[in-house]
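To start, the structure under review is shown below, and the notes come after it.
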2 protein chains.
Amino acid sequence: MKGEDAPGPINPDAVQHLSKKKKSRVDPESIIRQIKEGDRVALARAITLLESTKLEHQAMASAIVNLALPHSGKAIRVGITGTPGVGKSTFIESTGLMVIERGHRLAVLSIDPSSQVSKGSILGDKTRMAQLAKNEKAFIRPSPSGTTPGGVARKTRESIILCEAAGFDVIFVETVGVGQSETAVHSMVDFFLLLLQPGAGDELQGIKRGIVEMADLLVVNKADGAHAKKAIEAKREYAVALHLYPPKESGWKPKVMTCSAIETTGLDEIWDIIKRYRDEMQANGYSESNRAIQDQYWFHESIKADLHSMFFNNDAVKANIPLLEKDIAEGKITPFDAARQLLNKFQGK
Amino acid sequence: MKGEDAPGPINPDAVQHLSKKKKSRVDPESIIRQIKEGDRVALARAITLLESTKLEHQAMASAIVNLALPHSGKAIRVGITGTPGVGKSTFIESTGLMVIERGHRLAVLSIDPSSQVSKGSILGDKTRMAQLAKNEKAFIRPSPSGTTPGGVARKTRESIILCEAAGFDVIFVETVGVGQSETAVHSMVDFFLLLLQPGAGDELQGIKRGIVEMADLLVVNKADGAHAKKAIEAKREYAVALHLYPPKESGWKPKVMTCSAIETTGLDEIWDIIKRYRDEMQANGYSESNRAIQDQYWFHESIKADLHSMFFNNDAVKANIPLLEKDIAEGKITPFDAARQLLNKFQGK
């Protein structure tokens, strides 16, 4: 059982293999029961189904997620972003271990649409968060590979539901901070944390302005040794800069803190802030209304994605696109009229 | 005839009224002939048809634009953006008059999706560019009102085609620089100019980072009187900052210049840069390939917009959305599954 208890994904082939051998175990009801009982293999398998491109896997995954839904929603969902080099892995590992020490169970999900790796990045995740990966109260899942950033984000959003049903009450969703997925992550978490390093504002150059606006907390990491003084300076500068940003709908005033993930200083204070945020937002009703707005966002994003894929898989559309693109290129038709004609073909007109 | 010769839109009711009285004049072929002969009323009327929400007007507008297409494409299309207060109107008026003096005919189109006004902003445009509005070689058209930023931008894109068919060989497309329409404008012009004012980098705070990356030329305006020294400092700082940006596909190195729109200094140099850009891009083939890419962009943007409107106007969709939104709100179904179900209803499944 030791091997089975280890977290990590199972590839879809293995699932299929299993489904042939033990048919009774792979119906949605059984899987959700196993997930709720804390079976990490069942959880990993369900997430793998989510990530599968096979239609029957997706249908089953969808059924599982719907069954998980009533048992989800109780975790604190924290988005963590920062450009490569700010010490994100160490921060997540140190903060994660501290959160677990305080009695929580933690799931760490990553989104990195630029990553084309699957097995490579799994090993990578276990290496870069070695302590956390070994901890039985932690579940680490690397970024799913996918064709579109939207698809990757959506799978992560559904994975949150499954992790919550499995009893994880703290969820970290990690992104790389280069602007491709942060809006999506912001739309699936309660609290958004931006990790920075000392450098007197220079590092904001690598971060899209919109990301700073989304942050509920800026953390200047590496406040240790030779960097300690610079980190405090950076904190002061960010605090001034934050005053220039428009107020947040939540009424929350974004904070700036320093920490050293390596020396594990400042992490307790960060966690206290996150809990304080949670308490305040539950008290003023923002937490609930924000999650409702997020659901609406995902509803409409999914419609867009599904419509797009339905349209471009339509035979009449596929047959006519090359001709219309040629006509556009030759200046025979405007792109607008070409789009209108294509839509008519789609509708069988 | 004097009144008829004045530029400016005509409201759709007036068009309809006319179409009843003089049927022969409003077929697409006649209108495009009038436009090509330089009839500004016909041009204004065709743009008004574009902006109409009535289906028969849109169909006619579409026919007119397609007929205009073979006569379009020869103008230099320049996007001009900058936050309120940088002196955009004065800059466009001064530069516009200089361009006309050099023998060109100029059309100025504006995009401001935040503007809900129609007649108000027309008056506004004529007031803020009084000299240009009176000039017979200039055609000023304010931002069309529209429900979506995409819709507004698309109408402007089609208006460019009509203005070019009418013989305007320089097109200015103006936006307010707050990040809603700049991508759309960038996708319809050859050259993108960002107008700034002296202030040692502070003003970049109000401009989205992506906009600076799109710019082919940064112009620090108000390089006069007490601001002259600050403008030169700002120019130097921007020049340094531009080195940090990734190189452009066109191979063009973005420039920084100063000017005073009020004292009309530096404007000739700006126009020379724009012409040099045009010559270089025509020589290296970027101009042609870029316009082809832009057409593809508009083709796909139009498909998205048309699909969206077709979907949400579908009776089964309209009937099921409230129920599904309620189920989502009550946690009975995931947003993803709700989207899937709605798509099935749309497809009659």
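The values are calculated or read from the model by the stated rules, or taken from the named source; none is laboratory data. Only a predicted model underlies this, so the values are computations on that prediction, with no experimental measurement involved. Here Cβ is always computed from backbone atoms with ideal geometry, including for glycine, and neighbour counts include all displayed protein chains. Side chains are part of the model used for accessible areas, which takes the heavy atoms of the whole protein and leaves out ligands, DNA and RNA. Shrake-Rupley method; radii C 1.70, N 1.55, O 1.52, S 1.80 Å.
Going by the conditions given, is A:V178 assigned to a helix (DSSP H, G or I) and at pLDDT below 90?
Spelling it out, it is not the case that A:V178 is assigned to a helix (DSSP H, G or I) and at pLDDT below 90.
Can you pull out every residue in region A:235-268 that is more than 22 Å from A:E213 (Cβ to Cβ) and free of Cβ contacts under 8 Å to residues at least 60 places away in the same chain?
A:S260, A:E263, A:T265, A:G266
Specify which of the listed residues (B:A305, B:A292) is more than 30 Å from A:D295 (Cβ to Cβ) and facing chain A (nearest Cβ under 9 Å).
Of B:A305, B:A292, the one residue that is more than 30 Å from A:D295 (Cβ to Cβ) and facing chain A (nearest Cβ under 9 Å) is B:A292.
Within region B:189-198, take every residue that is modelled with pLDDT under 95 and open to solvent by less than 10 Å² (accessible area, probe 1.4 Å) and give me the one that is nearest to the chain's Cα centre (by Cα).
B:L194
So if I check each of A:I111, A:I207, A:I161, which one is at pLDDT below 70, open to solvent by less than 10 Å² (accessible area, probe 1.4 Å) and in contact with a Ser or Thr (Cβ under 7 Å, 6 or more places away or on another chain)?
Every option except A:I207 fails the conditions.
If we keep just the residues of region A:231-275 that are aliphatic (A, V, I, L, M) and not in a helix (DSSP H, G or I), which is least open to solvent (accessible area, probe 1.4 Å)?
A:A261
Tell me the residue from B:I232, B:I273 that is touching a residue at least 24 places away in the same chain (Cβ under 8 Å) and more than 20 Å from B:M214 (Cβ to Cβ), please.
Just one listed residue meets the conditions, B:I232.
Only one of (1) modelled with pLDDT under 90; (2) farther than 16 Å from A:I160 by Cβ is not met by A:I100, so which one is it?
Status for A:I100: all satisfied but (1).
Give me a count of the residues in region A:308-349 that are surrounded by 13 or more Cβ atoms within 10 Å (Cβ to Cβ), among the basic types (K, R) and more than 8 Å from every other protein chain (Cβ to nearest Cβ).
Result for region A:308-349: 1.
Out of contact with any Pro (no Cβ under 8 Å at 6 or more places or on another chain), of a type in the set (G, A, S) and either part of a loop (DSSP other than H, G, I, E, B) or modelled with pLDDT of 95 or more (or both), is that true of B:G167?
yes
Do we find a residue being away from chain B (no Cβ under 14 Å), in contact with an Asp or Glu (Cβ under 9 Å, 6 or more places away or on another chain) and surrounded by fewer than 16 Cβ atoms within 10 Å (Cβ to Cβ) anywhere in region A:57-78?
no
What about B:K222, is it under 30 Å from B:Q131 (Cβ atoms), surrounded by fewer than 16 Cβ atoms within 10 Å (Cβ to Cβ) and not small (G, A, S)?
The answer is no for B:K222.
Select, from B:A63, B:A59, B:A46, the only residue that is in contact (Cβ under 8 Å) with a residue 60 or more places away in the chain and of a type in the set (G, A, S).
Being in contact (Cβ under 8 Å) with a residue 60 or more places away in the chain and of a type in the set (G, A, S) holds for just one of B:A63, B:A59, B:A46, which is B:A46.
Suppose the filter is farther than 30 Å from A:D306 by Cβ, within 21 Å of the chain's Cα centre (by Cα), open to solvent by 30 Å² or more (accessible area, probe 1.4 Å) and away from chain A (no Cβ under 11 Å); does B:R278 pass it?
Criteria met by B:R278.
Answer yes or no as to whether A:S30 is away from every other protein chain (no Cβ under 14 Å), open to solvent by less than 20 Å² (accessible area, probe 1.4 Å), closer than 21 Å to B:Q341 by Cα and of a type in the set (S, T, N, Q).
Considered against the rule, which asks whether it is away from every other protein chain (no Cβ under 14 Å), open to solvent by less than 20 Å² (accessible area, probe 1.4 Å), closer than 21 Å to B:Q341 by Cα and of a type in the set (S, T, N, Q), A:S30 comes out as no.
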